[in-house]
Amino acid sequence: METLQDVVIIGGGPAGSTAATLLARKGHRVVVLEKEKFPRPHVGESLLPFCYELFCDLGVLPQMEKRFVRKPTVRFISSDGSHSTNWCFNHVIKDESFLSFQVVRSEFDKLLLDNASQHGAQVREETKVCRVNLEGEDDTVEVDAIAPNGDTLSLRTRFLIDASGRSSFIASGKGWRKGHKEFQRTALSTHWKGVKTLKGGLEEGGTIILYLGGEKRGWAWVVPLGLDWVSVGVVMDTAYLNQKRQELQQSNVEDWRQELYQEELNSSEFVRDLLQGAKTSTPLQVEGDYSYYSENKFGAKYAMVGDASCFVDPIFSSGIFLSVKSSFLVANALDRMLSSNQMDSRELLEKAYGQINGAYNFVYRLIRLFYQPHALSWAEAGSAFQVDHKRHEVALAASHFILSGDFFENHEKYHKFLDMMENPRLFEGYKNMVIDRSDFSADSCGVDRSLIFPSLAVEKT
């Protein structure tokens, strides 16, 4: 370990393991320092179709197809259940990549980390980074970590990638991490097993998003992880949660978080009926005020990828795609810098972060629009007035591509679409031009269930 490393990566989650795989297979000396032992529990199971080619490049696609539920759509349902729109990705994606994935994150994250090790990265789990000196001797970065036996592990590296997730090691230590004040939300979630009948699109692997009305200013998700297994979460305004906490604590409730979670689930007839007879299989996870960004994302000898640099809101399931795609862009830039021995050049990283920041800024704007009261409800788009006009097709196609994850290379184009959505006059015109088609409100995307659930595919063979 005294050998000078080319790259040290803090964190072995999807962002860190992706960067490690890409750089190690190019022949660079890569060390991953992960504070936990995998597999580890984690939320964020629903992935976007634009992840497909990235997984193919990483070489993990065949294993994912065997292990995880496939995701052909996301369906938004209004708070009162009167409207819904089924955004089938095969409306705009005409190859096999329209089928994304619903993953068990503990298994998925371990798959990616093991893949990094198999490609030559040195992975050290249960090793917590405690100090980083970005101004080390000989133009290197010094990294100290605590090994599993309690010893201090000291490394020198030509470059440091911070993929430490929401702990944001560098940004937090430098005071660069800032909160998104307008997205003060708290999420409560767990897994449920013993679901008797998947319905409403879940039986085809689709994600269900339910709007929460009034002062909750939030939403709930239901994600199928198996034929009788779902992830269910509730996201609500933190001020509303604190108000409910006080009310429940005054009522001497034993566990106010669990009580509030169950209360919100019971408020939805769809979720209440779905979970009838099912039991929770994981402890309740609580994530509070999780939206933030780093003022600086890269420098001469470091770069931040994934949640270490920014996290906004999981409403559009963009987290994994943003993390993995960012790691691809940074790893490709860094490979060229290392191979040409031009570590003092910022041009390649500046180009990579031009795309990365553009994608994150677009998602930030998209989420802000989701929470605006005048904005289009993704649940009602499929039941708007029918008008024979070509522009409604363009608008619907843009919406589909946005929900699929097409916002790295094309974020500038979609900003023009959001300009229309944020202009009240143009917005009203958009609502009146969106076509009413049965396939947008139908439960089904017409996908063979044996393609969705791996266990059914095995039975079929």
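Before moving on, here are some points about what is shown:
- Filtered residues of region 64-120 (kept if among the acidic types (Asp, Glu) and either assigned to a loop (DSSP other than H, G, I, E, B) or open to solvent by 20 Å² or more (accessible area, probe 1.4 Å) (or both)): 65, 80, 95, 96, 107, 114
- Of the criteria (1) crowded, with 19+ Cβ neighbours inside 10 Å; (2) within 23 Å of the chain's Cα centre (by Cα), which one residue 284 fails: (1)
- Test result for residue 338, over 26 Å from residue 46 (Cα atoms), over 24 Å from the mean Cα position of the chain (by Cα) and assigned to a helix (DSSP H, G or I): yes
- Filtered by the rule that a residue be aliphatic (A, V, I, L, M) and over 24 Å from residue 224 (Cα atoms), region 244-288 gives 248, 253.
- Residue among 331, 352, 300 that is surrounded by fewer than 17 Cβ atoms within 10 Å (Cβ to Cβ), at pLDDT 85 or above, farther than 30 Å from residue 206 by Cα and not aromatic (Phe, Trp, Tyr): 300
- Test result for residue 227, among the aliphatic types (A, V, I, L, M), open to solvent by 60 Å² or more (accessible area, probe 1.4 Å), in contact (Cβ under 8 Å) with a residue 12 or more places away in the chain and farther than 28 Å from residue 293 by Cα: yes
Conditions tested, residue by residue: (1) out of contact with any Pro (no Cβ under 8 Å at 6 or more places or on another chain); (2) closer than 20 Å to residue 105 by Cβ; (3) open to solvent by 10 Å² or more (accessible area, probe 1.4 Å).
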site	(1), (2), (3)
151	yes, no, yes
158	yes, no, yes
161	yes, no, no
168	yes, yes, no
175	yes, no, yes
178	yes, no, yes
182	yes, no, yes
185	yes, yes, no
191	yes, yes, yes
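- Some residue of region 99-111 being over 20 Å from residue 204 (Cβ atoms) and aliphatic (A, V, I, L, M): yes
- Any chance residue 248 is out of contact with any helix residue (DSSP H, G or I) (no Cβ under 7 Å at 6 or more places or on another chain), of a type in the set (A, V, I, L, M) and touching a residue at least 12 places away in the same chain (Cβ under 8 Å): no
- Against the test of being of a type outside the set (Phe, Trp, Tyr) and outside any loop (DSSP other than H, G, I, E, B), the options 197, 186 yield a single qualifying residue, 186.
- Among the residues making up region 230-265, a single one is open to solvent by 70 Å² or more (accessible area, probe 1.4 Å) and touching a Ser or Thr at 6+ places or on another chain (Cβ under 9 Å): 259.
- Residues within region 124-137 that are under 29 Å from residue 59 (Cα atoms) and open to solvent by 40 Å² or more (accessible area, probe 1.4 Å), tallied: 4
- Residue 217 being among the charged types (D, E, K, R) and within 24 Å of the chain's Cα centre (by Cα): yes
- Residue list for region 266-281, filter: in a helix (DSSP H, G or I) and open to solvent by 60 Å² or more (accessible area, probe 1.4 Å): 266, 269, 272, 273
The values are calculated or read from the model by the stated rules, or taken from the named source; none is laboratory data. Just so it is clear, the model here is predicted, and its values are computed rather than measured. As a convention, Cβ positions derive from the backbone with ideal geometry for all residues, glycine included, and neighbour counts pool all protein chains shown. Areas reflect the complete protein model, heavy atoms only, side chains present, ligands, DNA and RNA absent. Shrake-Rupley method; radii C 1.70, N 1.55, O 1.52, S 1.80 Å.
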